[in-house]
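Trainee: Okay, handing you the structure first.
Since every read-out is calculated from the coordinates, none of them should be taken as a lab result. Predicted model only: the values in this text are computed from it and were never measured. Methodologically, a virtual Cβ is constructed for each residue, glycine included, from the backbone with ideal geometry; neighbour enumeration extends over all protein chains shown.
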Amino acid sequence: MNWIKVSVSISRDTSVDALADDCGIVTPLAVGHWVMVLTAMAEGVLDGDLSGVLDTTLEKWAMWKGRKGRFAAAVRAHLCTPEGIVRSWAKYNGSKLNELASDAERKRAERERRRQERLRTSAGHPPDSPADIPRTSDPRPPLRDETRRDVREQQQQVTTGNAAVAVVPAVVPARARPPRSVAAFAGFSKPLCDAVYAKWLEKAGAVDYARLRKAFGPILAQPEAERPPGLPRDAEVVPAVAQYLACALGTSEARFRTPERCAERLGTIVHEMRLHPDDAEARLRGCLWSLGITELRSAGAA
């Protein structure tokens with residue numbers, strides 16, 4: 001979404017006045033800084049949760065040039081809940097952003113359904129039949145045998161004495177399509193894929209379901225019991241994805257935040273999560289280091 005809702009009474013909001021007082025600036029300037037933060041949130045913090053955003057990142061969004069930490073502290077004190085959620089975000093923007101993300105996903109699913117229907121129709125199947133049902137017969141007459149010669153060439157008459165004998169060509173049966181692999185991405189179950197998809201929608205917005213499954217499927221192709229130790233267990237996959245998205249938020253990695261890039265980094269993220277199971281700060285810093293992200297982040301984002 002390339003726009004957000006802003007209350008017409010924002011300049012008279014007592015919380016914004018308190019923000020201005022704490023920062024030592026006039027109210028119109030505080031309004032401008034705060035609206036800059038809101039526009040940045042629309043591109044990366046769809047749930048309105050600023051608890052995992054660094055103070056330096058928040059002030060970069062606001063283009064704050066005053067004393068470091070002053071603006072961020074005032075925002076968290078006057079415009080957020082104790083849990084770090086921006087007040088009224090869901091009312092004015094969050095619900096609309098989620099609605100647009102869901103609508104984009106619905107349209108993508110509808111386009112995919114129509115594409116599959118065209119494939120079925122072009123393959124000679126009824127529109128409501130699965131695309132991968134093998135044909136039992138070919139409606140077109142066979143024109144060539146195994147030697148690639150036209151079968152109709154055999155329909156010539158061979159003269160034996162005074163009698164003409166017709167040579168009847170052998171019928172070449174139609175070839176059935178090879179069955180698709182039943183065990184494709186056997187280790188990446190649909191419930192697990194659905195959970196990863198839901199987490200991505202929650203933290204990063206709309207994503208193509210088939211693209212996400214294709215990105216994570218090869219990494220998690222083996223069943224959990226056969227998976228190498230360096231790869232995540234099923235219970236670690238969703239937390240690792242959440243940790244990656246938290247690390248990428250508001251940093252140089254954000255522009256490259258894709259399911260493919262996340263899948264490539266699952267191993268290193270899980271390694272850091274196992275090293276620091278009870279220390280969120282150390283875990284976050286370890287993940288940032290392993291991802292090559294130099295910007296500092298605060299813990300608790302995942």
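Trainee: Once the piece of chain linking residue 235 and residue 214 is laid out straight, how much longer is it, given 0.36 nm per residue of separation minus the C-alpha distance between them?
Mentor: Once the chain is fully extended between residue 235 and residue 214, it gains 5.6 nm.
Trainee: Amide H of residue 80: which non-local residues (sequence gap of 5 or more, or other chain) have their own amide H closer than 5 Å, using H built in the peptide plane?
Mentor: Result for residue 80 returns 87.
Trainee: Separate question: Rounded, prolate or oblate: which one fits region 184-291, using the alpha carbon gyration tensor with axes a ≥ b ≥ c (rounded when a/c is under 1.5, else prolate when a/b beats b/c, else oblate)?
Mentor: oblate
Trainee: Something else: Evaluate E = 1/(1 + (r/R0)^6) for residue 77 and residue 276, where r is the Cβ-Cβ distance and R0 equals 30 Å; express this FRET efficiency to the nearest 0.05.
Mentor: So the FRET efficiency works out to roughly 0.55.
Trainee: Which of 83, 59 has the fewest other C-beta atoms within 10 Å, and how do the rest follow up to the most?
Mentor: 83, 59
Trainee: How large is ³J(HN,Hα), in whole Hz, for each residue of region 82-92 in order, when computed from phi with the Karplus curve 6.51 cos²θ - 1.76 cosθ + 1.60 and θ = phi - 60°, using x for Gly and Pro?
Mentor: Once rounded to whole Hz, the list reads x, 7, x, 8, 5, 5, 6, 4, 4, 5, 8.
Trainee: Residue 107: which lysines have alpha carbons under 19 Å from its alpha carbon, excluding same-chain residues fewer than 8 sequence positions away?
Mentor: Within the straight-line limit of under 19 Å, residue 107 reaches these lysines: 96.
Trainee: Neighbouring Cβ atoms within 10 Å as the yardstick, rank 33, 276, 78 fewest first.
Mentor: Taking fewest neighbouring Cβ atoms as first place, the list is 276, 78, 33.
Trainee: So which of 91/203; 190/214; 91/199; 68/91; 60/203 end up more than 23 Å apart by C-alpha?
Mentor: Table pairs above 23 Å Cα-Cα are 68/91.
Trainee: I need 278, 47, 55, 194 ordered by Cβ neighbour count within 10 Å, fewest first.
Mentor: Fewest-to-most Cβ neighbours within 10 Å comes out as 278, 194, 47, 55.
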